[in-house]
Amino acid sequence: MPSSFKVIVVDLSRNLSSLEYFDTRDQWLGGSGLAAGLFRHFGLLREGPFHPDQPLIFAIGPLTGYFPLMSKTVLGFMSPYTSQYAESHAGGRSALALKFAGYDALVIKGRAEKPVCLGLGSQEIHIQDAHFLQGMDIYKTGKQLRNLNPRNPGHRSILRIGPAGENLVGYACINVDTYRHFGRLGGGAAMGGKNLKGIILSGDSHLDLDPDMTKQYNRVYNEIYSTVLQSGAMRKYHDLGTAENLIPLNELKALPWRNMQSTHDPDVQAVSGEKFAQDYLLRQVACAGCPVGCIHIGLLRERFGQEHEFLYRQVSYDYEPIFGMGTMLGIKSVPEVLTLLEDVDRLGLDAISAGGALAWATEALDKWIITREQTLVRLEFGDLQAYRAGLEHIARKSNAFYQALAQGALIAAEKYGGEDFACVLGQEMAGYATGENYFVSQALGFRHSHLDTGAYGYDQQENSRNIQGAIDYMQEQESYRVLMSSMSGCLFGRKAYPWENILRALSSLGYNYDQKSLQETVENIKCLRWALKFETGFQPEEVKIPSRFLETETWKGRLDPDYLRQLRSEYQEVLKKMAASYREEPREE
Ligand code: SF4
């Protein structure tokens, strides 16, 4: 297996590309570690997210294409939401397309003068004029890009942005192959800032495998594959999918409703995973290289004629988007949730952040903190049409109010008032009102996401308030998640990939680590990511935890403000120490 990373670097300002090799596999591993290492090399740590030479880095891992569920691409970039180094992960076909094109990473620098699309394959690279796609939504853009690039269907991945990305909305997504996204921290705006409307990755080559390794590889592959399929470890993800979480979290008083004015609602059945599956599930699809197929596609019918005339659409759903466009907005009907999910997808918005922003605006309007003239529409919990209009206004930044809201609920609250009920923890909260551990973890976490440390799991398993226990749990989880993300693995595959299976998979491809050296490398990548976040402006003391979180009732009862304060204070010291202990090793190119 190659000892160096093969990285294609594209400069949109100068219409140039180059191949660079980095002999740093032992330090960066791949995926998350590779993106962070490349950002340290190419990133402008003291410049903002829209500096033309700020890089967008798409990185994959050493197991991509060889093992099941190694299907994610890691995007490393300067976030337009936080103006700090950030990561976002997406599946679809992007990871395998990049692998089969022969690269470990794609780095995009510069800014095109007019909207362009980038095409990349093993033998070709081209930058196409795309001015005629300007303002076009995600679906139409995808269709145009497929028509313009008809080669390699099935081995091709199409990434694109919609109006939200073009208009630099702080939480604009990059859509990947229609049903997957680089979401949350504004990857779509980072792409929009480069005038880059789309990327077509063509996986038009083949994978290498050392013939001497074939036997060992086949054995390890088969063992992991049967764990994925036969152990039942992944059944939940294929069956109801993550939407299965709605009822249990609601019972646990951990499901935010109506801007988290409540964490429980008796009508949860109306938008439960069971309801979606029984009445609206059309099919399940999978990312390339994954046998699980957790992507649930719902059928949305729209009547357009007097008689029985219907337009139908296929809309992907998951727990978090149902929370963002459903419970957080008080929407209690599956077709209505699907309608809003289709709107956010079409516009290229992140469903969780857009939901959190609109939920805050609804409560602010209700409390007379903002006016109907500012919101342009009467936002009310449960009102589908009002939220459809609100999403359009955010994506198009229709007035000064929506310009602020497009940067996030807390930015708008700082300007207009109502900070105490902005459900923001570094970014709009994920759908887990489980307790203090999770709130601190998301507020200070690397991606401000429930995926950083899985602390919502600790909240659910641990009733006592144990600061050291919580910090140990979060640290251990973060290490494992950095390992998986450096392999570009899907975090749903955690049960199939304990540390020893990852070591065996790496070894079967000729990458030889022992447990100790792998752990040390992962710890150093963890520190590198934190070093980048601090060096690009992260100040944990400045992160606000609005009082709405302290008013929350969970299964443990009212939150304990003293515990939350103390946990936060000790956890932020741990993060500072990690950032300070990053060891930079000499690099050979
Ligand atoms: S489990 Fe789901 S998200 Fe993960 S790789 Fe498979 S299809 Fe993609």
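Below is a table of values for the structure above.
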{"item": "Length released on extending from S464 to D239, taking residue separation times 0.36 nm less the Cα-Cα span", "result": "77.7 nm"}
{"item": "Those lysines that a straight Cα-Cα span of less than 22 Å connects to K332, excepting residues fewer than 8 apart in one chain", "result": "K253, K275"}
{"item": "C-alpha center-to-center spacing [the range 99-115, the range 23-95] in angstrom", "result": "12"}
{"item": "Ranked packing of 410-417, 508-515, most packed first, by mean Cβ within 10 Å", "result": "410-417, 508-515"}
{"item": "Pairs of lysines in the range 5-202 (C-alpha under 16 Å apart; 8 or more residues apart or interchain)", "result": "8"}
{"item": "Coordinate range along principal axes, alpha carbons of the range 35-124, Å, largest first", "result": "38, 26, 21"}
{"item": "Eligible lysines near K495 by straight Cα distance, threshold 16 Å, same-chain separation 8 or greater", "result": "K236"}
{"item": "Other-chain or far-sequence residues with amide H under 5 Å of L282's (modelled H)", "result": "I297, G298, L299"}
{"item": "In order through the range 444-461: 3J(HN,Hα) via Karplus (6.51 cos²θ - 1.76 cosθ + 1.60), integer Hz, x for Gly, Pro", "result": "9, x, 4, 9, 6, 9, 5, 7, 5, 9, x, 5, 4, x, 5, 4, 7, 9"}
{"item": "Using distinct alpha-carbon pairs, which all enter the 1/r mean, Kirkwood radius of the range 462-589 in Å", "result": "17.2"}
{"item": "Debye-sum result for the range 95-174 in log10 I(q)/I(0), which assumes one identical scatterer on each alpha carbon, at q = 0.18 Å⁻¹", "result": "-0.86"}
{"item": "Size-normalised alpha-carbon gyration radius of the range 5-202, reference 2.2 N^0.38 Å", "result": "0.91"}
{"item": "Rounded to whole Å, sorted largest first: equivalent-ellipsoid semi-axes of the range 5-68, Cα gyration tensor", "result": "23, 14, 11"}
{"item": "Debye-sum result for the chain in log10 I(q)/I(0), which assumes one identical scatterer on each alpha carbon, at q = 0.08, 0.09, 0.10 Å⁻¹", "result": "-0.50, -0.65, -0.82"}
{"item": "Cα centroid of the range 116-193 to Cα centroid of the range 298-327, whole Å", "result": "23"}
{"item": "Descending semi-axes in whole angstrom, ellipsoid equivalent of the range 262-369, from the Cα gyration tensor", "result": "25, 18, 15"}
{"item": "Computed E for Y21/E307 - FRET, C-beta separation, R0 45 angstrom, nearest 0.05", "result": "0.10"}
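Laboratory data are not the source of any read-out in this text; all were calculated from the coordinates shown. What you see is a predicted model; the values in this text were computed from it and never measured. FYI the Cβ positions are ideal-geometry reconstructions off the backbone, even for glycines, and counts take in every protein chain you see.
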